[in-house]
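Encoded as structure tokens, the structure appears first; notes follow it.
The values are calculated or read from the model by the stated rules, or taken from the named source; none is laboratory data. Note that the coordinates shown come from a computational prediction; the quantities given were computed from them, not determined experimentally. A quick note on method: Cβ atoms are made from the backbone with ideal geometry, for glycine too, and the neighbour counts reach across all protein chains shown. Heads up: the accessible areas ignore ligands, DNA and RNA and are worked out on the full protein's heavy atoms, side chains in. Shrake-Rupley method; radii C 1.70, N 1.55, O 1.52, S 1.80 Å.
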Amino acid sequence: FASSQNLYVHKGQQLVRIAAPHRFSKSFSVNGTLYFADEKLGLYHFDGFMLTRVFEYPKDAKFYISGIYADTAGLVVVTRDAGLYRYASGHLYRLENRLSEHLKVAKVFNFEPIDKAYLAFGTVLKGLYIADLDGKIIHHVNKYKGLPSNTVLSLHYSPSGKLWLGMDYGVSSLNLKNSFTT
């Protein structure tokens, strides 16, 4: 269990409390590994009963992690205000591509992988972006293309092919298995 202040691990008859380094903002599961984003001190990896820092946040960027996914080159970190970053071989660096530039402006609030082939980014200002694993934008869906607003607060992909969007005023869904687009 996780709160903003602590992790609680229940194993057998034992409940262990592990304090956040400062304050947890989000948690992520990537390929069976648990990561915890601390508001100020960086990204942490959880292994059993220990937190180990993966990296500190860059000093020159507003860094709030909205999502994390793995590709063949390492971890890709999705930030709310600074675009995409890659963490590989002990180094964190900004990804310079079209998708990253769009996401910097859009304010990414959440992230959801789709069928191990696509990535969905829900934003506060620009609606929904769907990209392939190479960072090519496949779809940009916003209020001018059918959403009730440009604010996507949560995402969930179901195996039936629907992407559910928690909006500021209700719920929307996109049938991604449909061959029709606008």
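Brief remarks follow.
- The helix-based estimate of mean residue ellipticity at 222 nm for the chain, built from -39,500 (n - 2.57) per DSSP H run of four or more residues and divided by its residue count, is -1500 deg cm²/dmol to the nearest 500.
- Bins of 10 Å, starting at 0 and running to the largest distance - Cα pair percent for the stretch 1-106: 14, 46, 28, 9, 2, 0
- Amide H contacts of S66 (H built 1.01 Å from N, under 5 Å, at least 5 apart or other chain): V78, T79, R80
- Those chymotrypsin sites (Phe, Trp or Tyr not before Pro) in the stretch 142-179 that DSSP places in a loop and that have at most 16 other beta carbons within 10 Å: Y169
- For peptides 44-50, 71-77, 116-122, sequence by mean Cβ density within 10 Å, most packed first: 116-122, 71-77, 44-50
- The chain - percent of accessible surface contributed by carbon and sulfur, probe 1.4 Å: 52 percent
- Debye intensity ratio I(q)/I(0), log10, the stretch 67-129, q values 0.13, 0.14, 0.17 Å⁻¹ (C-alpha model): -0.31, -0.36, -0.53
- One compactness figure for the stretch 40-165 is 1.07, namely its Cα radius of gyration divided by 2.2 N^0.38 Å.
- The stretch 142-182: trypsin sites (Lys or Arg not before Pro) falling in loop per DSSP and having at most 16 other Cβ within 10 Å: K177
- In the full protein context, the chain carries 56 Å² of accessible surface per residue, based on a 1.4 Å probe and ignoring ligands, DNA and RNA.
- Relative contact order of the chain, taken over Cα pairs closer than 8 Å and 6 or more residues apart, is 9 percent.
- Of the peptides 85-93, 60-68, 106-114, the order by per-residue mean of other Cβ atoms within 10 Å, starting with the highest, comes out as 106-114, 60-68, 85-93.
- Phi-based couplings in Hz for the stretch 114-130 (Karplus 6.51, -1.76, 1.60; Gly and Pro marked x): 10, 6, 6, 10, 9, 10, 10, 10, x, 10, 8, 10, 10, x, 10, 10, 10
- Treating r as the C-beta distance of Y8 and L41 and R0 as 22 Å, the FRET efficiency rounds to 0.65.
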